Amino acid sequence: MTSPQGSPQGHLSFWETTGSAKTFTHPLDPALLEEYVPYGARVLDYGCGYGRLTAELAGRGYRSVRGVDVSAALIARGRREHPELDLLRWGGFPLPFEDGAFDAALLFAVLTCVPGDADQKAIAGELGRLVRPGGVLYLSDVPLQDDALNQGRYRRYAERHGTYGVFETPDGGVFRHHPPELLRETVRAAGFSLLAERRGSVATLDGRTAERLQLVARREPAAA
């Protein structure tokens, strides 16, 4: 992702090249979605990639869905594969929407692709601006894993990246796994209060399995 000012981050090139051909695998939880996001909601799928979940939302009956991603290559792929979707490539903040323009926002396996603290906070903060008071954020991401492979690469790359949990993949990707409390605090700091939390497992881009953490949070009214 880019910073709020639009300055590029080095890891973005992966999503314009190798990453743009990946098959994304991080799934929706339909029951959790439908419990908190009504079908008439205006939904923002931020970090939509090639529109995989945007298309699933539309297929489930959500008719007011926008997908936004920083990657021109992924959005171009999405427009080829899903020409019926409303997909936008936008490289910085603010996004071109009014405050409170959405009833709900999805943030699925996005923070794992954004290694920097400041960029993560900027994303969450922008969603806090765009989701109306009383609306919800549905986040799903990857917490720190306890298996030997992941523990080893956390240690290997901690000094280079300055953060335990950031690691590189052989094909050039840079990813981050998070302490669960950091994900919760990122959501809270953006003005959301937690409503629900779910854990489970998901397939990863490299064909492995990882534990995931899902958070649903409500946007609180701005402080007086």
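The values are calculated or read from the model by the stated rules, or taken from the named source; none is laboratory data. Just so it is clear, the model here is predicted, and its values are computed rather than measured. Neighbour counts run over all protein chains shown; Cβ positions are idealised from the backbone, glycine included.
Would you confirm, using the coordinates I've provided, whether residue 164 is in contact with a helix residue (DSSP H, G or I) (Cβ under 6 Å, 6 or more places away or on another chain) and at pLDDT 95 or above? Can you show your working first?
Numbers: in contact with a helix residue (DSSP H, G or I) (Cβ under 6 Å, 6 or more places away or on another chain): yes; at pLDDT 95 or above: yes.
For residue 164, the condition - in contact with a helix residue (DSSP H, G or I) (Cβ under 6 Å, 6 or more places away or on another chain) and at pLDDT 95 or above - is met.
For the range 127-224, the strands (runs of 3 or more DSSP E) that sit wholly inside it and include 3 or more residues that are loosely packed, with under 14 Cβ neighbours inside 10 Å are 192-203. Restricting attention to the range 68-121, the residues that are of a type in the set (Val, Ile, Thr) and either surrounded by fewer than 18 Cβ atoms within 10 Å (Cβ to Cβ) or not in a loop (DSSP other than H, G, I, E, B) (or both) add up to 3. For the range 7-48, a residue qualifies if it is farther than 21 Å from residue 101 by Cα and in a loop (DSSP other than H, G, I, E, B), and the qualifying residues are 7, 8, 9, 17, 22, 23, 24, 25, 26, 27, 28, 29.
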